[in-house]
Amino acid sequence: MRGVQLIPFYLITFAVSLFSSLVLTWGVRNLAMGRGWAAPPIQDRDLHETPLPRLGGVPVFLSFLIGVAIALLASLRFPALAAGLSLRSLLTVLVPGTLIFLLGLFDDIHSVGPYTKFAVQGVAAIMLFAGGLRILDLPVLFGARHLDWYIGLPITVLWVIGITNAFNLIDGLDGLAAGSALFSTFVVFVVAVSSGSSPVSLLTIALAGAILGFLRFNFNPATIFLGDSGSLFIGFMLSALALEGAQKAPTIIAVAIPVVSFGLPILETTLSVLRRLISGRPVFTADREHIHHKLLQQGMSPRQVVIVLYGVSAVFALLSLFLLWPGRSTLGLVLVVIGTCIWFGVQHLGYLEFWEIRRVAQRTIEQRGIFANDLAIRRAIEELRGASDYAQVCQILESAFSSNDFDGFELSIKAQAEEPPTIDDKRLRVRPGERLHFEWSKPDAPEFRDSWAAWNLTLELATTANRRLGSMKIYRFYTDRSLLVDANLLTSVFPVVLADALDRALVSQTVPVPEVTTRTDFEAAQAS
């Protein structure tokens, strides 16, 4: 009830912060452009074409402090407003927040490596933990048990560093990071008001005003960028305010609402880390595979992409607010909706890395079929080592390839007049003056023709003594079915063993073959 009574106070704080942000952003932008403090597009992922200043964090930080200062002065004039506010609680957040702002400002002017950033952010997170802002429990993982400090500290540091850099990571389009942060700030403010946390409410509403005023100049087409000083500061403040708000909130609100409300930056960070780990690239390398890049590649304009992602942030914010009234199935329903939307969204974006994971998972499911097919090839290799008759060789090949995913094969062997075969099969003919040819296909598959929709693998047949006998062409018609066979086994050991078996078989042949002198006669013989 008290939170509702303080709404006019919060509105005044918001208005002061908003007005200060409008004025300061305009001034910083003009000053930076006049002094030449504009950054040109120097990286492939930069989407702007003209130099623009990257000092947007300066007006955001200053207008936020002005809003908080005015609120504190008003509380001195009206002591009723000061209930629940303490200088210590404010400094617990503001001091490490200032450290993060200075880190980002230095990075905007010079260049700071990722490990240095993480080290400073870790120090700021430890300052929060020492001030009492910490993750006390994780009911999903540890039940209702209170966490010891040596468990809570690394989890708290991981949370702060993760959220801080998550908002920095989505700062790739005009207004995207600031707009997404505005939705998250609104959620944290509502949660703080509902739980009666005056310090969090005050700081959050001041931050919202600062972001909204800056967004006037940062929305597409932007005239000033947020920079690391802004994105890191906003991300850190939201992570810290979520921790402080969690101290008075019920467990489900403390854990679930911040995670859901920060959905877009958390999703972007998770996808980026997974993509780079899967592809074997360093985690800290930059690329053009972020969510907004993927949407741009699908033909959207930068403004359309930002509006779509605003909608995504709004959906995350709305779903997180449902958790303010937790029921027996509310959390499960929200998680199901979020999981389903993320699944279809990632599929629509078309990340190659996740397609590869799906392929590997499918191969794992089909591993039994792979074992069976590989064993058939290995069994054929063992049987071919003891084969000395041409008919036996052909029978072994038919048996091996009838159980794998190839649709047929053609065996073409150099055959001299003194090397006639003994097998009587209509598919076995001597083509005039060149080779012995044997074709086989599965009963339900048509015979292979070069003009049909099929691909083939040609194995050159050379004996152990390096005598070249011909080739074997294995073909398969195009299909959605995966090829369940070890290609290395098929292309390395198998051709040599087959060539040796054919060499032995051809030397032992004594029965002549019907002579075919023309292609017409050859086709007629096949038809018969």
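The values are calculated or read from the model by the stated rules, or taken from the named source; none is laboratory data. Keep in mind the model is a prediction, meaning the values are calculated, not measured. Positions of Cβ are generated from backbone atoms using ideal geometry, with glycine treated the same way; all protein chains shown enter the neighbour counts.
Being modelled with pLDDT of 85 or more, under 18 Å from Ile234 (Cα atoms) and part of a loop (DSSP other than H, G, I, E, B) is a property that Leu133 has.
Checked against the criterion of being within 16 Å of the chain's Cα centre (by Cα), at pLDDT below 85, not charged (D, E, K, R) and not assigned by TED's automatic domain parsing to the domain that holds Tyr115, the candidates Gln347, Gln362 yield just one match: Gln347. Restricting the search to helices (runs of 4 or more DSSP H) fully inside segment 203-321 and requiring at least 2 residues that are aliphatic (A, V, I, L, M) and not assigned by TED's automatic domain parsing to the domain that holds Ile163 gives 263-279, 291-297. In segment 258-274 there is no residue that is within 22 Å of Leu24 (Cβ to Cβ) and crowded, with 24+ Cβ neighbours inside 10 Å. Within segment 124-137, which residues are surrounded by fewer than 22 Cβ atoms within 10 Å (Cβ to Cβ) and touching a Lys or Arg at 6+ places or on another chain (Cβ under 9 Å)? Matches in segment 124-137: Gly131, Asp137. All told, Val273 falls short of being at pLDDT 85 or above and either of a type in the set (Asp, Glu) or touching a helix residue (DSSP H, G or I) at 6+ places or on another chain (Cβ under 7 Å) (or both). The set of residues in segment 383-404 that are in a loop (DSSP other than H, G, I, E, B) and within 16 Å of Leu459 (Cβ to Cβ) contains only Asn404. Against the numbered list (1) in a helix (DSSP H, G or I); (2) surrounded by fewer than 24 Cβ atoms within 10 Å (Cβ to Cβ), Gln121 comes up short only at (2).
Candidates in segment 457-498 are the residues that are of a type in the set (D, E, K, R) and at pLDDT 80 or above; of these, the one that is surrounded by the most Cβ atoms within 10 Å (Cβ to Cβ) is Arg476. When Leu11, Leu24, Leu91 are checked against the criterion of being at pLDDT 85 or above, over 20 Å from Gly209 (Cβ atoms) and outside any loop (DSSP other than H, G, I, E, B), Leu91 stands alone in meeting it. Residues being assigned by TED's automatic domain parsing to the domain that holds Pro59, under 30 Å from Tyr115 (Cβ atoms) and in a helix (DSSP H, G or I) are entirely absent from segment 189-202. When every residue of segment 145-158 is checked against the conditions, at least one turns out to be of a type in the set (S, T, N, Q), modelled with pLDDT of 90 or more, surrounded by 21 or more Cβ atoms within 10 Å (Cβ to Cβ) and farther than 21 Å from Thr285 by Cα.
When residues in segment 193-224 are screened for being in contact with a strand residue (DSSP E or B) (Cβ under 8 Å, 6 or more places away or on another chain) and surrounded by fewer than 24 Cβ atoms within 10 Å (Cβ to Cβ), 2 of them pass.
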